[in-house]
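The values are calculated or read from the model by the stated rules, or taken from the named source; none is laboratory data. Being a predicted model, the structure only gives us computed values, none of them experimental. Using ideal geometry, Cβ is built from the backbone for each residue, glycine included, and neighbour counts are taken over all protein chains shown.
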Ligand SMILES: [Zn+2]
Ligand SMILES: [Zn+2]
């Protein structure tokens, strides 16, 4: 039987079946459609302006490595005019993050981008190894997720960038839609499909891979021979997400468009006015200045729990009451440095300061 020719260029030999569409295509056409779809996602959402300084949240894993490569490629091909940085968070997980950070350091050379690494240890005084030693493996993902979110914003602030892009892919977003439906978390359901989120004066966060299938990201990394780190975190993964993931993979096997269809369904949800009214206003944390929906932000509450030896009781919404019931925080409590948004820092270049 004659080899199949590429369904897109009708010229080269098809060597792969595209996971998203089932088309038999050649390698070069695969690279081009994958990159072009990401470019279309970026331009349709008007994610960037020329001159933007953008940090790529880089873990050394396949998603963020492919993101760094594709952002660099598109920035050059389409003259986005972006200044790109790599931003990595060192959670302090021996045998996992230390190895993946070596990958990011090689990416820094390969892609010629400045790299900033910020560690939980320097920001919070706790590595994840120390957190797990204190609280065990059951809820450590809660600490890690809260700490990472704030660490990324603080790293971006240090780089003077006000836009972070992350490697979240279509599978991640579809899983999150399913999880939020199953948990009845209406506020998050409304937010989780947005390509770009931002608070009042906080750092923008975007997901250029919002519609990119995980299988295609793996395929892209493989055929481009990109240098990435492929070990899973050594601490227990988020069990609930694991169920959603397995379910989604089953749906995808039966019908590949299931992933994109779930995202579209999520996008079509609209919050009723009376549901919106119950949502908390954003304010700033009284202790560290980071955005928060309570007096203290989640990171400060979790850190106080760790410092006071009450970590296992601060992962619920009633955490503050439990801490207060034991008494006020000691004066010498270790806290997070005050948060500075990058925007005011940029506007320091006022005429009075330049003279
Ligand atoms: Zn082709
Ligand atoms: Zn705080």
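Output yes when any residue across region 35-55 is closer than 30 Å to residue 130 by Cβ, away from ligand 1 (no atom under 13 Å from the Cβ) and either without any contact (Cβ under 8 Å) to a residue 24 or more places away in the chain or surrounded by 15 or more Cβ atoms within 10 Å (Cβ to Cβ) (or both), and no when none is.
Looking for residues that are closer than 30 Å to residue 130 by Cβ, away from ligand 1 (no atom under 13 Å from the Cβ) and either without any contact (Cβ under 8 Å) to a residue 24 or more places away in the chain or surrounded by 15 or more Cβ atoms within 10 Å (Cβ to Cβ) (or both), one finds at least one in region 35-55, hence yes.
Looking at (1) on the phi > 0 side of the Ramachandran plot; (2) assigned to a helix (DSSP H, G or I), which one does residue 35 not meet, given that it meets all the others?
(1)
Restricting the search to region 1-18, which residues are closer than 17 Å to residue 224 by Cα and assigned to a loop (DSSP other than H, G, I, E, B)?
14, 15, 18
If you check every pair at least six apart or on different chains, which have Cβ atoms under 9 Å apart with a residue in region 112-123 that is in contact (Cβ under 8 Å) with a residue 60 or more places away in the chain first and a residue that is assigned to a loop (DSSP other than H, G, I, E, B) and surrounded by 16 or more Cβ atoms within 10 Å (Cβ to Cβ) second?
Going by the 9 Å Cβ cut-off, the qualifying pairs are 116/159; 123/336.
Might you check whether a residue that is closer than 25 Å to residue 70 by Cα and assigned by TED's automatic domain parsing to the domain that holds residue 70 occurs anywhere in region 117-137?
Residues of region 117-137 that are closer than 25 Å to residue 70 by Cα, as a first pass: 117-118.
Imposing the further condition that a residue be assigned by TED's automatic domain parsing to the domain that holds residue 70 reduces the set to 117-118.
For region 117-137, residues closer than 25 Å to residue 70 by Cα and assigned by TED's automatic domain parsing to the domain that holds residue 70: present.
Anything in region 177-220 that is within 25 Å of residue 33 (Cβ to Cβ) and modelled with pLDDT under 95? List them, or say none.
Of everything in region 177-220, those that are within 25 Å of residue 33 (Cβ to Cβ) and modelled with pLDDT under 95 turn out to be 193, 194, 195, 196.
May I ask you to say which residue of 20, 13, 27 is in contact (Cβ under 8 Å) with a residue 12 or more places away in the chain and under 14 Å from residue 211 (Cβ atoms)?
Numbers: 13 fails: under 14 Å from residue 211 (Cβ atoms); 27 fails: under 14 Å from residue 211 (Cβ atoms).
Of the residues listed, the single one that is in contact (Cβ under 8 Å) with a residue 12 or more places away in the chain and under 14 Å from residue 211 (Cβ atoms) is 20.
Out of (1) out of contact with any strand residue (DSSP E or B) (no Cβ under 8 Å at 6 or more places or on another chain); (2) buried (at least 17 other Cβ atoms within 10 Å of the Cβ); (3) at pLDDT below 95, the odd one out for residue 2 is which?
(2)
Among the residues in region 271-281, are any assigned to a helix (DSSP H, G or I), in contact (Cβ under 8 Å) with a residue 40 or more places away in the chain, assigned by TED's automatic domain parsing to the domain that holds residue 167 and more than 18 Å from residue 178 (Cα to Cα)?
Yes, that holds for at least one residue.
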